[in-house]
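The values are calculated or read from the model by the stated rules, or taken from the named source; none is laboratory data. For clarity, every value in this text was computed on a predicted model and none was experimentally measured. Don't worry about glycine lacking a Cβ; one is built from the backbone with ideal geometry, like all the others, and counts go over all protein chains shown. The accessibility values were calculated without ligands, DNA or RNA, using every heavy atom of the protein model including side chains. Shrake-Rupley method; radii C 1.70, N 1.55, O 1.52, S 1.80 Å.
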Amino acid sequence: GLPTRILLHSDLKNALDYARRFHTSIALLMLDLDKCKEINDSFGHDGGDHVLRIVAKRISAIIRKTDRVVRMGGDEFIVLLNDLDDPGQAARIAEKIMETFSDPIQVGGIQVSVSVSIGICTITDQVVDADVLLKRVDAAMYRAKESGRGCYQVFTGDMIAPGLSQQPDTPPGSPPSS
């Protein structure tokens, strides 16, 4: 019941344009369910789909109506947080999302524990395009998975591999992020 990544690109472009014009911040959260394959293997794809629907409802219940939850595919979701007053809001929302996963999900009469790894990338007064922002939040999410899953990581410049560090938001004359 969620929009897909096709709509995300349009929403993200609009959010970036708005943020630039009104000097506000936006953030992307990329969520990946941990060990979702095990749920599919144990309960079949119907069980996995049930878990995805519950996850979508839980995430949607936490965010504001002006924000957007998108299913990227498989067990990955993106949350677009618009018009943030404080870049720290994204981490607080990630914490709330993680808290909702402390309650197990019932699948076929069995309580199933589900955790999520979350990457966060907040943009404040930077000129980046949607693709760069998506790469950054993806890198942060993979760092969360590498850090033991069931946690979140905020994007830092060291998460991008050398040679991929196309950083259009680095001011002229500034050294590239490491």
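Using a 1.4 angstrom probe, figure out how much accessible area the range 71-147 has per residue, in square angstrom, rounded to the nearest whole.
Details: 3430 Å² over 77 residues.
Averaged over the residues of the range 71-147, the accessible area is 45 Å².
Please check which bits of the range 1-35 a label hung off Lys65 would reach, taking the label as a point 7 Å along Cα-to-C-beta and the cut-off as backbone N under 17 Å.
Output list for this probe position: empty.
Specify the inter-centroid distance of the range 51-126 and the range 1-40, based on alpha-carbon positions, in whole Å.
Comparing the Cα centres of the range 51-126 and the range 1-40, I get a distance of 10 Å.
What part of the accessible area of the chain, given as a whole %, is carbon or sulfur when the probe is 1.4 angstrom? Intermediate results must be reported in sequence, preceding the final value.
On the way: 4910 of 9560 Å².
Solvent-exposed carbon and sulfur of the chain make up 51 percent of the total.
When the dipole is taken about the Cα centre of the range 1-77, and only Lys, Arg (+1) and Asp, Glu (-1) are charged at their Cβ, what size is it in debye, to the nearest 20?
Numbers: 13 positive and 11 negative charges, 109 e Å.
Dipole about the Cα centre, nearest 20: 520 debye.
Would you work out the charge dipole size for the range 99-147 about its Cα centre, treating the Cβ of every Lys and Arg as +1 and the Cβ of every Asp and Glu as -1, and quote it to the nearest 20 debye?
Values: 4 positive and 7 negative charges, 33 e Å.
Once rounded to the nearest 20, the dipole reads 160 debye.
Based on Cβ point charges of +1 for Lys and Arg and -1 for Asp and Glu, what charge dipole magnitude is obtained for the chain about its Cα centre, in debye rounded to the nearest 20? Intermediate values should be presented prior to the final figure.
Working: 20 positive and 24 negative charges, 52 e Å.
The calculation lands at about 240 debye.
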